[in-house]
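The values are calculated or read from the model by the stated rules, or taken from the named source; none is laboratory data. In this text the structure is predicted, and so the values were computed from the model without any measurement. For neighbour counting, all protein chains shown are included, and Cβ atoms are generated from backbone atoms with ideal geometry for every residue, glycine included.
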Amino acid sequence: MFSSLKVRNYRLFFVGQVVSNIGTWMQRIAQDWLVLSLTGSATAVGVTTALQFLPMLLFGLYGGVLVDRLPKRRALLFTQSAMGVAGIVLALLTLTGHVQVWHVYLAAFAVGLATVVDNPARQSFVSEMVGPDQLQNAVSLNSANFQSARLVGPAVAGLMITGVGTGYAFLFNGLSFVAPIAGLLLMRARELYVVERAPRGKGQLREGLHYVAGRPDLIWTIVLVGFIGTFGFNFPVYLSAFADDVFHAGAGSYSAFNTLMAVGSLVGALLAARRGTARMRVMIGAAAAFGTLELVAATAPSLWLFALLMVPIGMFGMTINVTANTSIQMGTDPAMRGRVMALYMMVFLGGSPVGAPIAGWITDAYGVRAGLAVGGAIAATAAVLIGLVLARVGGLRLSVGWNGGHPHVRFVPRERREELTAAA
């Protein structure tokens, strides 16, 4: 389960990310709380979140082009330093009492700009640290790392905001970037897997898009992640409405739903690390199970049943994420990896701003149970249809037969269809 941690360079990276991810979750909570305190407006909180994700939507593909051209370790040293400086400046403004809401907006936008390069660089740098044999394990542990921080960071932020103030949460986040920067500086360059960088030239963005368009395994994986990210992952809309409008249980239950989902996500990431290989059938099966469980949760009659369903939903959601991420990285030419990962992250992260208003409209018009059911139905349908497309592209057919008196359903090569039909 933890085999990639035997690689010294990845171990340094992993430890740095543990500290930094906790700080990042602390800043997310503190940032929203500060904006709400300054303005009293939930809309202003939404503007802050939008400003942080807007650069990825606008410039994400260009960030991928830069990542393919630049040495990734050097690029990460720059982006991690920039995000650390943004946190420290916001901390100083808050602690001295000079902070205004536009300062928070500017800091969120600056972090978003750094993320345009940082996100694809971090994703693709993993393969340079561990190589192809340990890639899924390392990607899975990165996800487990992030989910663990999601459990710890908000709790610590809440205590810090209550005890000493919002400014110290920003300060912790800014200083937390010392850990990943130190890890990057301590790495042994000779132990990194050499990847040929793309030369500077015209048309590289278009070249990346053409590369993906000519690879059905990549494009359909990204399409599936796009459907699920847009329609299935709108949990801030669904969970708050279930807590207040359906079960009338308040903020405590909303927090419990999120915690249980984070636990499931952590389990999913660790199981993916243990599997060691990225199989398309695992991704398709997880996507179908994820959508089906959302449909079941939409009809859950009690709070406790709904809460318990958050664990497997989180687990299958993380399985989709890890398997898609790994299969795309392993199936992509290293010289194209930055551009392809940038497209993947843009589709995955960009789905929420599109899907959340749709989910909110359905919830307001027809109720939150209908909203969650529609999201689950779209996710499950997309999984089945894209699974059939990928099977056809891979020269497979769906075989239904009997084995030992039990129905047996699986994909088999087309040329074996007649043999299996005769045997059945």
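Numbers for the structure displayed
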read-out: Residue match in the range 48-65 (condition: closer than 25 Å to G153 by Cα, without any contact (Cβ under 8 Å) to a residue 12 or more places away in the chain and surrounded by fewer than 17 Cβ atoms within 10 Å (Cβ to Cβ)); value: no
read-out: Which listed residue is of a type in the set (D, E, K, R), under 30 Å from A50 (Cβ atoms) and at pLDDT below 85, from R122, R200, R150; value: R150
read-out: Hey, A182 buried (at least 17 other Cβ atoms within 10 Å of the Cβ), in a helix (DSSP H, G or I) and of a type in the set (G, A, S) or not; value: no
read-out: The range 357-372, residues that are small (G, A, S) and either modelled with pLDDT under 85 or surrounded by fewer than 20 Cβ atoms within 10 Å (Cβ to Cβ) (or both); value: A359, G360, A365, G367, A370
read-out: Selection status of P301, surrounded by fewer than 17 Cβ atoms within 10 Å (Cβ to Cβ) and outside any helix (DSSP H, G or I); value: yes
read-out: Scan of the range 93-121 for residues that are farther than 23 Å from G60 by Cβ and either surrounded by 16 or more Cβ atoms within 10 Å (Cβ to Cβ) or without any contact (Cβ under 8 Å) to a residue 12 or more places away in the chain (or both), ordered by number; value: L93, T94, L95, T96, G97, H98, V99, V101, W102, H103
read-out: Filter pass, S124 being surrounded by 24 or more Cβ atoms within 10 Å (Cβ to Cβ), within 19 Å of the chain's Cα centre (by Cα) and among the hydroxyl-bearing types (S, T, Y); value: yes
read-out: Condition met for L175 (surrounded by 15 or more Cβ atoms within 10 Å (Cβ to Cβ), assigned to a helix (DSSP H, G or I) and not assigned by TED's automatic domain parsing to the domain that holds Q27); value: no
read-out: Test result for L295, at pLDDT 85 or above and either among the polar types (S, T, N, Q) or under 30 Å from A391 (Cβ atoms) (or both); value: yes
read-out: Residue check for M83: crowded, with 16+ Cβ neighbours inside 10 Å, modelled with pLDDT of 85 or more and touching a Ser or Thr at 6+ places or on another chain (Cβ under 9 Å); value: yes
read-out: Lone qualifier among L51, L76, L90 - being under 27 Å from the mean Cα position of the chain (by Cα) and modelled with pLDDT under 90; value: L51
read-out: Hits in the range 20-47 (condition: surrounded by fewer than 19 Cβ atoms within 10 Å (Cβ to Cβ) and at pLDDT 85 or above); value: L38
read-out: A75 crowded, with 20+ Cβ neighbours inside 10 Å and of a type in the set (G, A, S); value: yes
read-out: Complete set of residues in the range 1-19 that are crowded, with 23+ Cβ neighbours inside 10 Å and over 15 Å from L186 (Cβ atoms); value: S4
read-out: Selection from the range 32-67 of residues that are over 22 Å from G167 (Cβ atoms) and β-branched (V, I, T); value: T43, V65, V67
read-out: Hey, V282 in contact with a helix residue (DSSP H, G or I) (Cβ under 7 Å, 6 or more places away or on another chain), in a helix (DSSP H, G or I) and either crowded, with 17+ Cβ neighbours inside 10 Å or not β-branched (V, I, T) (or both) or not; value: yes
read-out: Qualifying position, being in contact with an Asp or Glu (Cβ under 9 Å, 6 or more places away or on another chain), hydrophobic (A, V, I, L, M, F, W, C) and not assigned by TED's automatic domain parsing to the domain that holds Y344, among M26, M56, M83; value: M83
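Here's the yes/no breakdown for (1) surrounded by fewer than 21 Cβ atoms within 10 Å (Cβ to Cβ); (2) free of Cβ contacts under 8 Å to residues at least 24 places away in the same chain; (3) over 29 Å from R28 (Cα atoms):
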| residue | (1), (2), (3) |
| --- | --- |
| A149 | no, no, no |
| V152 | yes, no, no |
| T162 | yes, yes, no |
| L186 | yes, no, no |
| Y193 | yes, no, yes |
| R200 | yes, no, yes |
| R206 | yes, yes, yes |
